[in-house]
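Engineer: Supplied in structure tokens, the structure appears directly below.
Just so it is clear, none of the values below were taken in a lab; they were calculated from the coordinates. The structure presented is a predicted model; accordingly, all values stated were derived computationally and were not measured. Using ideal geometry, Cβ is built from the backbone for each residue, glycine included, and neighbour counts are taken over all protein chains shown.
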Amino acid sequence: MTTSSGPPAQGMADAGRDEVGRLVLGAWDAFLEQAAAVDLARATRLRGWRAHEVCVHLGVWPDHAALADLTAVARAGGHGVPADPDAVNARVTAAHRNASRDEVLAALRRARAATERYLADEPAWVDTAPTVSTVGRLPMLSVVLGQAYELAVHGLDLVSTGAAPPPPEVLGAGLAALADVTGALAAASGIAGGATLATPAGGWRFAAADGGWTVDAVAPGAAAGPAVEAPADLLLDAASGRANPVVALARRQLQVQGLPGLMALTPIVQAAPGIPGGPILQLAARTLSGAGGLLSTAGGLLGRRRRG
């Protein structure tokens, strides 16, 4: 995977900006289409959040420009304390609670444009420079791609307001981002291992070793070694805490294989408690504890749904 004579692999950064841009800008286009079609005053499946709040916290505002701030941190050396995403979300949504529909949609368009500018204008070295994300230090391009995960999950949130579901390619982009971030955190934790996020339509595998990680597309039915398999929307809902993976496993909606390999990844959750996908990694530990323990804790594993 990596060699001692060269730099460690850096996941999707090794695939290049064109591929990352295809995934994340496509996710932005799909989300903008969803947002434009829904009543922003309608409640979502997230308690206390309307479509308005979902869209507001993803936008760029005069007092909130997440991508620009993270890029500045990367350019300055990648040092600092991760922000509390719940506190940031609360501040931004409260500040713009009364924004008009046109203002909210304009803020979303500014966020997409900021991503496009990054991909077009930032020097290449910034892609692999670390920045301080909400789950710890990550390469800047992993943070850029991470938007695809957030947009896919929040696109699923908008379905509860009457929006059309995100297209399959957006869900796939979200899983690619999830694999990339998990691989980056595994590499940062010194973990050698990986897993596949598999769906009936294919999936993504990450593998960490030697301080680096790779991310590769996986064809349908080709998952080998540690893997979690479910429909893409369920995988994303389980990773974000919107669905309980323990219950999905008990109902055979979600399948796992290679549990010892998945268990090797669970220290990531201790290092980055808010990591997307943490509930799935915790599932491995609970599954190995025995079926009785698994079912007895089905209602308590995910008591809190993350919004950001």
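Engineer: Taking only the Cα atoms of segment 11-178, how large is their convex hull per residue, in Å³?
Structural biologist: 104
Engineer: Relative contact order for the chain: what percent, with Cα pairs under 8 Å and sequence separation of 6 or more?
Structural biologist: Contact order relative to length: 19 percent.
Engineer: Hey, how many Å between the Cα centroid of segment 139-181 and the Cα centroid of segment 68-121?
Structural biologist: 16
Engineer: Quick one: putting +1 on the C-beta of Lys and Arg, -1 on the C-beta of Asp and Glu, what dipole do you get for the chain around its Cα centre, in Debye to the nearest 20?
Structural biologist: Dipole of the chain, to the nearest 20 debye: 960 debye.
Engineer: If you plug each phi of segment 70-84 into the Karplus form 6.51 cos²θ - 1.76 cosθ + 1.60 with θ = phi - 60°, what whole-Hz ³J(HN,Hα) values come out, in order, with x for Gly and Pro?
Structural biologist: Each residue of segment 70-84 in turn: 5, 5, 4, 5, 4, 5, 8, x, x, 10, x, 10, x, 6, 7 Hz.
Engineer: Return the distance in nm (one decimal) between the two label points of a simple spin-label model at residue 259 and residue 72, each offset 7 Å from Cα along Cα→Cβ.
Structural biologist: For residue 259 paired with residue 72, the spin-label model returns 4.8 nm.
Engineer: I've got another one for you. Contact order normalised by length for segment 165-227, with contacts defined as Cα pairs under 8 Å and 6 or more residues apart; what percent is it?
Structural biologist: Contact order relative to length: 31 percent.
Engineer: Go ahead and run the numbers for FRET between residue 91 and residue 121, Cβ-Cβ distance against an R0 of 30 Å, rounding to 0.05.
Structural biologist: 0.60
Engineer: Next question, about the same structure. With unit charges on the beta carbon (Lys/Arg positive, Asp/Glu negative), name the residue among 186, 25, 164 whose Cα is farthest towards the positive pole of the charge dipole of the chain.
Structural biologist: 164
Engineer: Which semi-axis lengths, in whole Å and largest first, follow from the square roots of five times the eigenvalues of the Cα gyration tensor of the chain?
Structural biologist: 28, 25, 17
Engineer: Each label point is 7 Å from the Cα along the Cα-to-Cβ direction; what then is the distance between the points at residue 101 and residue 41, in nm?
Structural biologist: Using points 7 Å along Cα→Cβ, the separation is 1.0 nm.
Engineer: Using a/c under 1.5 as the rounded threshold, could you call segment 16-112 rounded, prolate or oblate? The axes a ≥ b ≥ c are square roots of the C-alpha gyration tensor eigenvalues, and prolate needs a/b larger than b/c, oblate otherwise.
Structural biologist: Oblate shape, in that a/c is at least 1.5 and b/c is the bigger or equal ratio.
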